[in-house]
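Single-structure report; data block below.
Please treat every number below as a calculation from the coordinates, not as lab data. In this text the structure is predicted, and so the values were computed from the model without any measurement. Reconstructed Cβ throughout: ideal geometry from the backbone, glycine too, with neighbour counts over all protein chains shown.
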Number of protein chains: 4
Amino acid sequence: MFDFGKILKVNVFGASHAPDIGVLITGIPKGEKIDFDELLSFMKRRAPGNNPFSTPRKEDDIPEFITGIENGVTSGEPIKAIIKNTNVKSKDYGNLEFVPRPGHADYTAYIKYGGKEDMRGGGKFSGRLTAPICIAGGIIKQILARRGIFMGAHIFAVHGIKDDRFSPTDVSLKDFENVWQKDFPVINDQKGEAIKQEILKYKEQKNSVGGIVECSVTGVPAGIGEPMFYGVENQMSSAMFAIPAVKGIEFGAGFDASEMTGSENNDDFYFDGEVVKTKTNNCGGILGGITNGMPINFKVAFKPTPSIALPQTSIDISEKKETTLEIKGRHDPCIVQRAVPVVEAVSAMVLYDMLLQDEALKNRKEE
Amino acid sequence: MFDFGKILKVNVFGASHAPDIGVLITGIPKGEKIDFDELLSFMKRRAPGNNPFSTPRKEDDIPEFITGIENGVTSGEPIKAIIKNTNVKSKDYGNLEFVPRPGHADYTAYIKYGGKEDMRGGGKFSGRLTAPICIAGGIIKQILARRGIFMGAHIFAVHGIKDDRFSPTDVSLKDFENVWQKDFPVINDQKGEAIKQEILKYKEQKNSVGGIVECSVTGVPAGIGEPMFYGVENQMSSAMFAIPAVKGIEFGAGFDASEMTGSENNDDFYFDGEVVKTKTNNCGGILGGITNGMPINFKVAFKPTPSIALPQTSIDISEKKETTLEIKGRHDPCIVQRAVPVVEAVSAMVLYDMLLQDEALKNRKEE
Amino acid sequence: MFDFGKILKVNVFGASHAPDIGVLITGIPKGEKIDFDELLSFMKRRAPGNNPFSTPRKEDDIPEFITGIENGVTSGEPIKAIIKNTNVKSKDYGNLEFVPRPGHADYTAYIKYGGKEDMRGGGKFSGRLTAPICIAGGIIKQILARRGIFMGAHIFAVHGIKDDRFSPTDVSLKDFENVWQKDFPVINDQKGEAIKQEILKYKEQKNSVGGIVECSVTGVPAGIGEPMFYGVENQMSSAMFAIPAVKGIEFGAGFDASEMTGSENNDDFYFDGEVVKTKTNNCGGILGGITNGMPINFKVAFKPTPSIALPQTSIDISEKKETTLEIKGRHDPCIVQRAVPVVEAVSAMVLYDMLLQDEALKNRKEE
Amino acid sequence: MFDFGKILKVNVFGASHAPDIGVLITGIPKGEKIDFDELLSFMKRRAPGNNPFSTPRKEDDIPEFITGIENGVTSGEPIKAIIKNTNVKSKDYGNLEFVPRPGHADYTAYIKYGGKEDMRGGGKFSGRLTAPICIAGGIIKQILARRGIFMGAHIFAVHGIKDDRFSPTDVSLKDFENVWQKDFPVINDQKGEAIKQEILKYKEQKNSVGGIVECSVTGVPAGIGEPMFYGVENQMSSAMFAIPAVKGIEFGAGFDASEMTGSENNDDFYFDGEVVKTKTNNCGGILGGITNGMPINFKVAFKPTPSIALPQTSIDISEKKETTLEIKGRHDPCIVQRAVPVVEAVSAMVLYDMLLQDEALKNRKEE
């Protein structure tokens, strides 16, 4: 259940009560240089910040490489990396251990895995498991960058308040770098300020808000992907729903395309010198499941953090009656900003696996 | 590329120039009764109608079972079914054979598969390959129905004009049957009339329109799905993008959830007698990738049919210059109504495969 | 169950009562030339001969390519090839339909698939399904030959009467060609004569005999295979047991190695110019699951054809009592000679799939 | 490369220079009781003994369960177990670091993984990784035992000196227990004494010897396995070659069947009360890849330990010349006795995975 991929294989492990969480990765060729500092700064983008928009919980997510990387270079062996669980204390759920939190996986975990000790899912559904995903994705981002492939994401919207968009046709590494270096990853800082205010407003109300992450990928050659079940959209969507709280995904114009006409939505081809491009990019860089050489573009919808401090109605499963639940502890009033690098990491995993498959078959005309 | 599934395996084959298209299915237990008439009437819902909303092309998609079904009962062997290609004539693309149609997979097929004969993708990207998917899905729908599991879909919107929605919490087989028996599958016929007018309007303009299909599934027990990479959303989204023209998918409130607060979006639990239910169903019946026993609900966005009769700008790849393209032939001005049963078929395949996996492990508390 | 492979995918379909048998192949890159005459002459080696050593049954196994090969070149699409079943008549089992033939899959097919119509397995276990395997393997042999990779097999032994062996260290294409052009594929024709006499002797006694096929593969570069579960021996053995009647496989010295000392069995390294070789080849070209650049060598044990004309003791499952069975019809007194090209075909499939995986990762030092 | 299985998934990790080795297991249902003492005593059978037949090296292979087992019961979550590497010291290979040991994976690891640090394969090919396999297999043996399925193995031969065989038709749990409790796992202690002498004789000569392990499995219902590529023999052989030094496998009469006639080899059916049995079991309990309800029986050939103290001829890869190699350190003069429980463990993994698949489809008549 925690394993991803066909040639690249990423296997996430760990639980909140275990000594560590981590990831096993196979299918990365030997000889790839990994810059540890760059990985750390990538992972830091996911860590809760010293700002009021995320949980004040402290997590020092320093990955430790056990096997597969020697002197900063992959050895071709399985890569195993862990993050130690420094703060392993059983949470105090008081008498609420049989009360599933609305919007959480508590109830489904209870049905699936059983007894009371699992009402909180043993950490299996924890957003914390996105840290190992960022280890894998962070390494792969470095490998892809050397092939000229870059992926950048930003907060596109929170509670309906929108940032600018990446240009569907002309986004560049510079646009990505602009966002990567920010504490609060938006394109337009003024709009980012409005988004921050929105988050703070609902935080004060002991509530939370959802949002949308936009991600673009540049440099992927045309011809990646297979028709029908193994297209880019199939693989990308399947992997994105591994990120907790994701409830939707759309490529290019996506749901907006459903409100368009063919003449509006079709992307006209043209020659930019020798290179085939499209004037618009409503298809998000993918036609028939296969990349067309334009930037890949998609948006991922996140629901609001289900943990809110407001009292909520739930049930007590052992006593078979309704009850009121108040969730203690400190939570992210919005997880969208912390999800931004996770979306990049997952997209890196997906595209790298597909590029490796392409390497095997070379079923692609070099333009 | 044309194969789906883990225990259930569905392998679609065929091309427009081959004598037949069809499907190989393994992983269906022996002893399942298959009602051929019911399958035919399911497949008819996908066929182009005798109405002005779909292409006037004639397709008699009568599936023929070669192996795996004997006397109307599955034998446990691989099921092979074909549909004969009665009308195999090479299309006349005139001097446009090197001109990719905007919005189509022509250009990506050319990059992927090569020579001029493949500029039209050899039929690999044809919507016609959804017919074999409907054979597989149609059979499986019958098997699931005997377990009390039903899936129904309808046109939710076309070019922004909306039908009603299925109730997220109280949809029933009767609601599905209501739609199944209609030529034009909407819930609310008055709204359906407006949708028809919208399609006709753009048809007259030699244009096309996109839309959204909503699908609900009832009767799936709580506890189906695995965390992270093998949840219902992962599997369902991956398979849905196999349907041509799909550009987005959302579960429950989906993208709308990104504009909600936690207190609005969280679905409160309650007891309906002994049964655990939720008062709302913004999660679409899935929490942490796992079903919670409520109806599964999702929407799939379709782009407008890319084939339009209006002149379009494209390029001539062999001559390396821009050109104008006029697509001849008769096309669906909107494919959404024909996609409705395909969405049902794919959802049946996905859930059946997941139920078979569940059978293996039985990692689930019976409520 | 009938599908093979990870990147190369070979899916065998058909049954004796269906109009055709065949194979679906994906994962072969576009642009590979396929010589149809060469394929036919490869497949002819599997066909029952006009000699007394195989069944006099007539099979004109002419493969017909439906998709994936255009003008003698692969298009990158799935390859579908069929062989028409010309002689589809339900066999007359008389009152023996509930009597499983000893040594056959009748009883296990009955347990697995059920009713009386399946007591003969519906053809699922028929040696005839090795014809589609030879289509796939025959195509792939041609592709591998262009990369300098060749595989040749011969009858190593029948009922204990032995042919010569290929040199474990110095076998060449010439050695293979020598065997390929023979009706009765042995290295040493004098020993072949003794083997023929042995087969005829038991044929006259209405009995059958088993034997061993030896196969060598040259030209595979060092470094193919992965440790533990994905080594060459793992993949090769798994696939070889798909051939009916195979009961054992050994690589290099194999079972003989169990009677050797370390100093006898270890293959000493030396330099042949710049090339690393071993003086002996008891490891069969594989160390730690990975090729070492020497010829790959293995032997496959076949049990005697279970269909014999002698009366045998069996049971009547419907009447729950013992009975005597006499099998009518004409059968191969020994299937080993016809299995020879099938072993080559399967080894081609296995190594090609592994080479494709190697292409993806390139985790290998070019010597 | 280190992952096994389809529904049951076993992923082995670790290296000799890492802090631990271990295993990740998914696909084991929740609620299975695991007896830790029983697991320990199973694993002890693999540990080097306090006798002169195995290496005097000390390994305290105490598995530690990190996740997936709570209070001695599986939770349905992934099971992660580790064995700490207590004795992590880089081996001193002196000036021999570029000299591959004959019979070892040194050379192929060098080609595959590169630099000098990998000439010894980084532990990837180490027999030590069979310890995590025994954790997985040991757990699964307990689960299968509760379903009445038992597997027992013994030394069948060493350097041609043979033990007795398990009865192919009438082996029982008692026969297995008889072997399990012995330090030196043979059926006939007198023959075991001869085998011990043989091992000691070659040990004194600074040499090593190979051998054969026989394994029987009882209680597997008829009908497990699929035709062609997913039969029991396919899966079992593929997995057995994951054990270092395995060079051959045969089922039932195996290679001996190649010297038999049909009338000798065919196993006649009879009724034992209501139960269908065969009088002989030359097929090893498997017909057409599917179990027939008789004991499953197979033999696995091991080559002699390649590490011997005698001087051997090899090459120095960096200096491109031949050289003489003397391997220091203490090695098993014969690894067959330690491989016995590993063969049981692997067979448990294979059959459990196949039983889980069977659970999903239930394509099997209950006798």
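Percent of alpha carbon pairs in region A:194-310 separated by more than 17 Å?
64
Mind computing the radius of gyration and Dmax over the alpha-carbon atoms of region A:97-361? Å is fine for both.
So, for region A:97-361, Rg and Dmax equal 20.4, 72 Å respectively.
5 Å is the cut-off here: which amide hydrogens, built 1.01 Å from N in the peptide plane, fall below it relative to A:ASN188, excluding neighbours closer than 5 in sequence?
For A:ASN188, the qualifying residues are A:ASP164.
Within a 10 angstrom radius of the beta carbon, how do C:MET260, B:MET349, B:MET236 rank from fewest other beta carbons to most?
Listing C:MET260, B:MET349, B:MET236 from fewest to most nearby Cβ atoms yields C:MET260, B:MET349, B:MET236.
What FRET efficiency would be calculated for the residue pair C:GLU204, C:LYS182, taking the C-beta separation as r and a Förster radius of 22 Å, to the nearest 0.05?
That pair, C:GLU204 with C:LYS182, gives E of 0.40.
Treating the beta-carbon of each Lys and Arg as +1 and of each Asp and Glu as -1, no other charges, what is the dipole magnitude of chain C about its Cα centre, to the nearest 20 debye?
The dipole magnitude comes to about 1060 debye.
Under the definition of partner shielding as Cβ atoms of other protein chains within 10 Å of a residue Cβ, what is the mean value for peptide D:156-162?
Taking the mean over all residues of the peptide, I get 2.
Would you mind counting up the charge near B:ILE315? Only other residues with Cβ under 10 Å from its Cβ, with Lys and Arg at +1 and Asp and Glu at -1.
-1
Averaged over B:72-85, how many beta carbons belonging to a partner chain fall within 10 Å of each residue's beta carbon?
Taking the mean over all residues of the peptide, I get 4.
Compute the length gained on full extension between C:GLU326 and C:SER172: take 0.36 nm times their separation in residues and subtract their Cα-Cα distance, giving the result in nm to one decimal.
Separation in residues times 0.36 nm, less the Cα-Cα distance, equals 50.9 nm.
Within the set B:LYS80/B:LYS196; A:LYS191/A:LYS279; C:LYS6/D:LYS80; B:LYS124/C:LYS362; A:LYS33/A:LYS174; D:LYS124/D:LYS362, which residue pairs have Cα atoms separated by over 32 Å?
Going by Cα-Cα distance, B:LYS80/B:LYS196; D:LYS124/D:LYS362 fall outside the 32 Å limit.
So what are the ³J(HN,Hα) numbers for region B:292-301, from phi and the Karplus equation (6.51, -1.76, 1.60; θ = phi - 60°), rounded to whole Hz, Gly and Pro as x?
Per-residue couplings from phi come out as 10, x, 7, x, 7, 9, 8, 10, 10, 8 Hz.
Can you list the residues, at least 5 places off or on another chain, whose amide H is less than 5 Å from the amide H of D:PHE13, using H built in the peptide plane?
Excluding prolines and chain starts, which carry no amide H, the hits are D:GLY22, D:VAL23, D:LEU24.
To the nearest Å, what is the center-to-center distance of region B:2-66 and region D:156-235, using C-alpha atoms only?
51
Report, in deg cm²/dmol and to the nearest 500, the calculated mean residue ellipticity at 222 nm for chain C, where each DSSP H run with n ≥ 4 adds -39500 (n - 2.57) and the sum is divided by the residue count.
Taken over chain C, the calculation gives -8000 deg cm²/dmol.
Sort A:HIS331, A:HIS154, D:HIS17 by Cβ crowding within 10 Å, fewest neighbours at the top.
Sorted ascending by nearby Cβ count, the order is D:HIS17, A:HIS331, A:HIS154.
Of C:LEU144, D:LEU8, D:LEU287, how do they rank once you tally other Cβ atoms within 10 Å and put the fewest first?
C:LEU144, D:LEU8, D:LEU287
Give me, ordered by chain and number, the residues 5 or more places off B:CYS283 or on other chains with an amide H under 5 Å from its own placed amide H.
Residues meeting the amide H criterion: B:ALA253.
Mind checking which of D:PRO244, D:ILE140, D:ALA301 is farthest towards the positive end of chain D's charge dipole, using Cβ charges of +1 (Lys, Arg) and -1 (Asp, Glu) about the Cα centre?
D:PRO244
From the residues B:PRO102, B:LEU39, B:MET354, which one has its Cα farthest along the dipole of chain B in the positive direction, the dipole being from +1 and -1 charges on Cβ of Lys/Arg and Asp/Glu about the Cα centre?
B:PRO102
Per residue of B:232-245, how many C-beta atoms from partner chains lie within 10 Å of its own C-beta, taken as a mean?
Other-chain Cβ atoms within 10 Å of each residue's Cβ, averaged: 6.
With the cut-off at 16 Å, report for region C:153-225 the share of all Cα pairs above it, as a whole percent.
Cα-Cα pairs of region C:153-225 separated by over 16 Å account for 53 percent.
For chain B, list the DSSP H helices whose alpha carbon atoms reach 18 Å or more along the long axis and whose average Kyte-Doolittle value is -1.0 or above?
B:130-146, B:336-361
Rg over Rh of the protein assembly as shown, using C-alpha atoms and the Kirkwood radius, what does it come to?
0.96
Grab the beta carbon distance between C:GLU274 and A:ALA145, set R0 = 41 Å, and tell me the FRET efficiency rounded to 0.05.
0.65
Under 8 Å for C-alpha pairs, at least 6 residues apart: give me the relative contact order for region A:132-288, rounded to a whole percent.
Rounded, it is 23 percent for region A:132-288.
At a threshold of 8 angstrom on Cα-Cα distance, excluding pairs fewer than six apart, so keeping six or more, what relative contact order does chain D reach in percent?
22
How big is the dipole moment of the protein assembly as shown about its Cα centre under a simple scheme where the beta carbon of each Lys and Arg is +1, that of each Asp and Glu is -1, and everything else is neutral? Debye, nearest 20, please.
0
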